[in-house]
Amino acid sequence: MKVEVVQNVLKLNDEVAAINRKRLRDAGVFTIDVMGAPGCGKTALIEATLQLLSNDLRVGVLVGDLATQRDADRLARYSDHVVQINTGKGCHLEAHHILQGLSRINIDRLDVLLIENVGNLICPVGFDLGQDLKVGMFCTTGGDDKAAKHPYIVCESHLLLLGKMDLLQYVPFDLNLFRTDIRRLNPDVNVIELSSATGAGMDTWIRWIHDQRNQRLKRPLDTKGEVVS
Ligand SMILES: Nc1nc2c(ncn2[C@@H]2O[C@H](COP(=O)(O)OP(=O)(O)O)[C@@H](O)[C@H]2O)c(=O)[nH]1
Ligand SMILES: [Mg+2]
């Protein structure tokens, strides 16, 4: 008897992600998927980012959580283009969630789309959503071992953030150990240390968004969305 083996269980997700990527690209929207543990400060980062970007760029947000629309309510104070996606028991966003989300905002009115993934350092990494870039977020209150314990997000992210730098002095967090672990796992990745509360480091993050967006608008991309050098 012939047995069919599914080689790529993510194939369907990848196909939908490709649809999202094309749709976003055609609309000229630069898209970032922000991933990190629950409570690391993703929503606070996006709240601050919306305020800092709104003079130059039109920014929308798709925000994933298992339940409630509390993050969307927080973010809607700074953007008219915010959609909450509730995943129920799902521990990460998948491309079809984004496809549904895109049907509820007018992407022709956007320059940048920020996706806040479900709080989780593991599963979101493996799912292409059709984003341009994935950003992994850690925080000082989460412990200095989290990068070493979650190599997948360290290796797969295009940029890493270390948030809540204003709290560094109050918690036992060995910054050198954290930095060394990241260098060992992914020597090339940029790390921005910032605080959404005080604004420290936010200028570097905002500049990174502008630079990456400009690069990607100017240069051709391959089918996986990588800039062709
Ligand atoms: N002191 C400080 N608190 C922060 C910072 N960023 C977020 N928080 C707080 O951390 C908690 C979780 O933040 P939130 O943005 O909801 O995290 P999320 O679950 O990753 O979206 C909230 O009480 C925030 O006010 C920061 O940079 N500094
Ligand atoms: Mg949140």
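Here, each number is a calculation from the coordinates, and none is a lab measurement. Note that this is a predicted model, so its numbers are computed, not measured. Note that we place each Cβ from the backbone using ideal geometry, even for glycine, and neighbour counts take in every protein chain shown.
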Grab the Cα-Cα distance for Asp211 and Tyr170, subtract it from 0.36 nm times how many residues apart they are, and report the gain in nm with one decimal. 11.4 nm
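Past 21 Å, Cα to Cα: identify those pairs from Lys11/Lys134; Lys42/Lys146; Lys22/Lys42; Lys11/Lys42; Lys22/Lys218; Lys22/Lys134, in the order given.
On the way: Lys11/Lys134 19 Å; Lys42/Lys146 16 Å; Lys22/Lys42 26 Å; Lys11/Lys42 28 Å; Lys22/Lys218 16 Å; Lys22/Lys134 17 Å.
Correct reply: Lys22/Lys42; Lys11/Lys42.
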Expected sort for Met202, Met35 with the fewest Cβ neighbours (10 Å cutoff) up front is Met202, Met35
Classify the range 181-223 as rounded, prolate or oblate from the Cα gyration tensor: take a ≥ b ≥ c as the square roots of its eigenvalues, call it rounded if a/c is under 1.5, otherwise prolate when a/b beats b/c and oblate if not. oblate
Ranked by GNM mean-square fluctuation in the chain (Cα springs under 10 Å), the top entry among Gln51, Gln169, Gln69 is Gln169
Give me the dipole magnitude in Debye, nearest 20, for the range 48-145 about the Cα centre, with unit charges on the beta carbon: positive for Lys and Arg, negative for Asp and Glu. 300 debye
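Could you list the trypsin sites (Lys or Arg not before Pro) in the range 165-224 that lie in coil according to DSSP, counting only those with at most 15 other Cβ atoms within 10 Å of their Cβ? Spell out each step's value before the answer.
Working: sites: Arg179, Arg183, Arg184, Arg207, Arg213, Arg216, Lys218, Lys224; in loops: Lys224.
The qualifying sites are Lys224.
Residue separation times 0.36 nm, minus the C-alpha to C-alpha distance between Asp145 and Ala67: what's the value? Mind showing how you got there, number by number?
On the way: separation 78, 0.36 × 78 = 28.08 nm, distance 2.84 nm.
Result: 25.2 nm gained on full extension.
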Dipole of the range 110-229, Cα-centred, from +1 at each Lys and Arg C-beta and -1 at each Asp and Glu C-beta, to the nearest 20 debye? 180 debye
Decide, for the range 1-151, between rounded, prolate and oblate: order the square roots of the alpha carbon gyration tensor eigenvalues as a ≥ b ≥ c, take rounded if a/c falls under 1.5, and otherwise choose prolate if a/b is larger than b/c, else oblate. oblate
Among Val171, Gly60, Ala148, whose Cα sits farthest toward the positive end of the charge dipole of the chain (+1 at Cβ of Lys/Arg, -1 at Cβ of Asp/Glu, about the Cα centre)? Gly60
Chain lengthening between Cys123 and Leu99 when straightened (0.36 nm per residue, less Cα-Cα): 6.8 nm
